[in-house]
Amino acid sequence: MLNRRFLRIKVLHEVYAYHQSNSSNLAIAERHLLDEVDDLYKLFVYQLAFWVEVKQFAERRIEENRNKHFPTEEDLNPNLKFVNNRILNVLEENKSLLGLEDRYKINFADSREDFIRSFYNRMVEYPEYQEYMNNGKDAFGDDRQFLASVIDAYMAEDSSLYDYYADRDLSFNSDFQVAIYLLWKFINEMPASFGVDSAMPPLYKAEAEDKGFVVKLFEKTILHADEYRELVNANISNWDYDRLALMDKILIFMALTEFTEFHSIPVKVTINEYIEISKFYSTPDSRRFVNGMLDKLASIMNEEGKIVKTGLGLIDK
C-alpha cells in the first residue's frame, strides 16, 4: 500500500516536527512517526467506509421516496445504478475492510446526516455522475471508472470532507491529499475478482523491511544533522545557508542519509525521489537548489569514499 515515496514523506513530516518542537527524545519521536504512518492508513480506511456510507444513504433516500404519500413514477422506479455499484456493494460486505473499521473504531453513527446528505447532493450534480447513471452500461469497469473519476476530480478539493476528517484527528490534516491518492489508486486498480473474502492491501508492502527503513531514515537524519549542516555549508555557493528554508535542509539531509546508510538504494534513485518530493514542499528556486546540491554532494562524497553501494544500489540509472 505505502511505497517508499510515501514513507519518505512521512519521515519528512516527522523530522520537520522534531526540529520545530526542539525535542530531544528520539525514542518518543520514533514511536510517534510509526503512529503517524498508521494514521495515514487509517484515513484511507475511513475514506472507503465513507463511500459505503454514501451508498447506504442513497438506499435510504430511495426507500423514503417510495414510501411517500404521493410517489412519482421516478420514486417508484428509481435508477438503481449507483446503489448497485459492484465496488461499493463488495466493500460493504468485505470482511477485511469490516475488520479494519472495527480495529480503528470507524463509524458514522455520530456524524450529522446532513454531512453525508450534503456530499451526496453535490455528487449527483457532477457531470461524471450524470453520465454514469444514464450511459446504459452495466459493467464492473464502468462502476470502477465512475468512482475513480469522482475521487480524482472532486474529493481532494472538497473542503467539507477535509474539515470532517480534521475534526476527528488532527494528524489527518497533513495526510488528506495522500489518502485521497491512495483511495484513487486502490479503486482504479481493483480487479473484478475482488470479493467479500479478498484481503485489503496491507499498510506496508514488507512490514519488517519498510518499518526498518522508516525508523533508520528518521533516526540517522536526526543524529547526523550537525555533520550534514557542516557539509552543506562548506559546499554551498551563491546561497546563504542560514536563509535556507528548514524544509529544504531536511530534504537534503534525508538524501544524504540515504547516500551513506542505505547501501542497496542507488544514488540516482535517491536524488530523483527527493527532487519529486521537493516539487510539493519547496518553491521552484528551492527545487533547483536541492537538485544542484544533491548532485554536487553525491560527487564529493563518492570521491571521498563515503558512499558505498552494494547489490541493487550499484545500478546506475
Which residues, counting only those in region 262-316, are β-branched (V, I, T), closer than 22 Å to V11 by Cα and exposed (fewer than 13 other Cβ atoms within 10 Å of the Cβ)?
T283
Among (1) within 13 Å of V54 (Cα to Cα); (2) not in a helix (DSSP H, G or I), there is one condition F70 misses while meeting the rest; what is its number?
(1)
Name the single residue, out of those in region 192-212 being outside any loop (DSSP other than H, G, I, E, B) and either charged (D, E, K, R) or under 17 Å from the mean Cα position of the chain (by Cα) (or both), that is nearest to D39 (Cα to Cα).
Y204
Unmet criterion (only one of (1) touching a helix residue (DSSP H, G or I) at 6+ places or on another chain (Cβ under 9 Å); (2) surrounded by fewer than 16 Cβ atoms within 10 Å (Cβ to Cβ); (3) under 30 Å from V196 (Cβ atoms)) for R5:
(3)
Is it true that K55 is surrounded by 16 or more Cβ atoms within 10 Å (Cβ to Cβ) and closer than 30 Å to P78 by Cβ?
yes
Residues within region 74-131 that are of a type in the set (S, T, N, Q), within 27 Å of G195 (Cβ to Cβ) and in a loop (DSSP other than H, G, I, E, B), tallied:
5
Matching residues, region 219-261, being under 20 Å from Y18 (Cα atoms) and outside any helix (DSSP H, G or I):
H224, L244, A245
Subset of region 176-191, residues without any contact (Cβ under 8 Å) to a residue 12 or more places away in the chain and assigned to a loop (DSSP other than H, G, I, E, B), comes to E189, P191
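Conditions (1) at pLDDT 95 or above; (2) touching a Lys or Arg at 6+ places or on another chain (Cβ under 6 Å); (3) basic (K, R), marked per residue:
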| site | (1), (2), (3) |
| --- | --- |
| D38 | no, no, no |
| V52 | yes, no, no |
| R66 | no, no, yes |
| K95 | yes, no, yes |
| R112 | no, no, yes |
Filtering region 196-222 down to residues that are without any contact (Cβ under 8 Å) to a residue 40 or more places away in the chain and of a type in the set (A, V, I, L, M) yields A206, A208
Kindly indicate whether E36 is in the same structural domain as F140 (by TED's automatic domain parsing), more than 30 Å from M133 (Cα to Cα) and either touching a His at 6+ places or on another chain (Cβ under 7 Å) or acidic (D, E) (or both).
yes
Could we say that N107 is in contact with a Pro (Cβ under 7 Å, 6 or more places away or on another chain), loosely packed, with under 15 Cβ neighbours inside 10 Å, modelled with pLDDT under 95 and not hydroxyl-bearing (S, T, Y) here?
no
Region 21-36, residues that are modelled with pLDDT under 90 and outside any loop (DSSP other than H, G, I, E, B)
S21
How many residues of region 276-297 are within 18 Å of I236 (Cβ to Cβ) and part of a helix (DSSP H, G or I)? The answer is 14
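The values are calculated or read from the model by the stated rules, or taken from the named source; none is laboratory data. In this text the structure is predicted, and so the values were computed from the model without any measurement. Cβ: placed from backbone, ideal geometry, glycine included. Neighbour counts: every protein chain shown.
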